[in-house]
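Okay, structure first, notes after.
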Amino acid sequence: MDKIGLIAGNRKFPLLFCKGAKKKDYYIVAVAIRGETSPQIERLADKVYWLKLKEFKRMFGIFKGEGVKNVVMAGQISPHRLFSREVIHSQDIQEILKSIKNKKADTIFGAIADKLKGEGLELLDSTIFIKDSLAPKGVLTKSEPDPAVWEDIKFGLELAKAIGALDIGQTVAVKDKAIVAVEAFEGTDNLIKRAGKIVRGGVTIVKVAKPKQDMRFDIPVIGLNTIKRLISSGAKCLAIEADKTLFIDREISVKLAEKRGISIVAV
């Protein structure tokens with residue numbers, strides 16, 4: 001049985017990866033992050049090592065000791081932890097942060113990928129076993145956006161790609177061709193919440209991959225929590241990039257969106 005390593009972040013992405021890897025008969029060695037990774041990882045991975053964020057350097061020895069050569073990163077670490085006391089007082093983490101030119105997502109994850117490679121570990125496409133969970137092109141809900149919303153989608157796509165190229169974020173909120181909010185460090189859920197406070201309903205959320213998206217890390221992900229945020233913010237439509245956005249819990253999410261009058265399209 002082939003082994004594969006998993007650096008497991010938060011939410012359901014790592015769990016989905018485990019299920020996909022198991023279908024391919026892989027033995028999964030997971031490094032889980034305390035305070036981030038779901039405890040459910042214990043029943044899905046074959047072996048789990050729980051580390052504090054500041055202990056991240058231990059994962060290199062863990063994977064090598066387990067005979068792992070290929071590794072996947074799935075799930076994120078809460079952005080605010082980059083400024084936490086745990087990180088500030090971690091010499092190992094500070095060494096990496098000081099060695100990179102900035103703290104953009106691609107820069108940080110790229111540095112981690114380089115560290116893995118330096119230890120003889122290859123970082124793989126994070127969707128390698130779950131391609132069927134990538135959103136297919138088309139209108140995913142029964143209700144299709146009206147012409148005005150389609151105009152907002154086109155407008156938002158251009159903006160989202162522009163901020164993606166700068167590695168600022170992947171998501172924008174627009175209404176009537178006005179830029180309501182742009183995602184930065186806070187993440188998509190908080191962007192949607194913020195947009196809902198700025199306008200009273202009717203906003204369109206557009207989320208895309210970066211123009212040169214590295215599928216090994218920081219890929220666009222949406223799921224049931226995203227739909228719940230859209231509902232609470234009074235959003236009218238969610239547009240995502242087809243074939244590059246991971247849509248977790250798609251069936252139940254689409255049903256909920258339809259029930260609340262929200263259109264979902266993959267373009």
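The values are calculated or read from the model by the stated rules, or taken from the named source; none is laboratory data. Note that this is a predicted model, so its numbers are computed, not measured. For the accessible areas, the whole protein counts, side chains as well, though only heavy atoms, and no ligand, DNA or RNA atoms are used. Shrake-Rupley method; radii C 1.70, N 1.55, O 1.52, S 1.80 Å.
Rounded to the nearest 5, what is the percent of antiparallel bridges among the DSSP beta bridges in segment 1-104?
0
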Q: Mind grabbing the accessible area of K69 for me, 1.4 Å probe, Å², rounded to tens?
A: 150
Q | Rg to Rh quotient for segment 1-53, alpha carbon positions, Kirkwood Rh | A | 0.94
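Under the rule a/c < 1.5 gives rounded, and otherwise a/b versus b/c splits prolate from oblate, where does segment 137-257 land using the Cα gyration tensor?
In terms of gyration-tensor shape, rounded.
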Q) Once the mean 1/r over all distinct Cα pairs of segment 1-89 is inverted, what Kirkwood radius in angstroms do you read off? A) 13.1
(Q) Once neighbouring chains are kept in place and the probe is 1.4 Å, which whole percent of the accessible area of segment 129-267 is contributed by carbon and sulfur? (A) 54
**Q.** Cubic angstrom per residue, convex hull over Cα atoms of segment 86-153
**A.** 186
(Q) Among L238, L123, L51, which one shows the highest mean-square fluctuation when the chain is modelled as a Gaussian network with alpha-carbon springs under 10 Å? (A) L51
Q: Enter the accessible area per residue of the chain (Å², integer; probe 1.4 Å; all protein chains in place).
A: 49
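What is the percent carbon and sulfur in the accessible area of segment 1-115, measuring with a 1.4 Å probe over the protein chains and ignoring ligands?
So the carbon and sulfur contribution to the accessible surface is 50 percent.
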(Q) Per q in 0.15, 0.17 Å⁻¹, report the Debye log10 I(q)/I(0) for segment 71-207, using one uniform scatterer on each alpha carbon and no solvent. (A) -0.94, -1.09
(Q) With an 8 Å Cα cut-off and a minimum separation of 6 or more residues, compute the relative contact order for segment 54-170 in percent. (A) 27
Q.
Could you derive backbone 3J(HN,Hα) for segment 14-24 from the dihedral phi with the Karplus parameters 6.51, -1.76 and 1.60 (θ = phi - 60°), listing whole Hz in sequence and x where the residue is Gly or Pro?
A. x, 5, 5, 4, 4, 4, x, 5, 5, 5, 8
**Q.** DSSP-defined antiparallel bridges as percent of all bridges, the chain, nearest 5
**A.** 30
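N10 to R194: extension gain in nm, 0.36 nm per residue of separation minus the Cα-Cα distance?
Stretched out fully, the N10 to R194 stretch lengthens by 64.1 nm.
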Q. Which distance in Å, rounded to a whole number, links the C-alpha centroids of segment 121-158 and segment 210-267?
A. 7
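Please state the relative contact order of the chain as a whole percent: Cα pairs under 8 Å, 6+ residues apart?
Once divided by the residue count of the chain, the mean separation gives 18 percent.
Counting each DSSP H run of 4 or more residues in the chain as -39500 (n - 2.57), what helix-only mean residue ellipticity at 222 nm follows after dividing by all residues, to the nearest 500 deg cm²/dmol?
Mean residue ellipticity at 222 nm (helix-derived): -11000 deg cm²/dmol.
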Q | the chain - Kirkwood radius from inverse mean 1/r over Cα pairs (Å) | A | 19.2
Q.
Under the rule a/c < 1.5 gives rounded, and otherwise a/b versus b/c splits prolate from oblate, where does segment 210-267 land using the Cα gyration tensor?
A. prolate
Q) Sorting R58, R200 by accessible area (1.4 Å probe), largest first, what list results? A) R200, R58
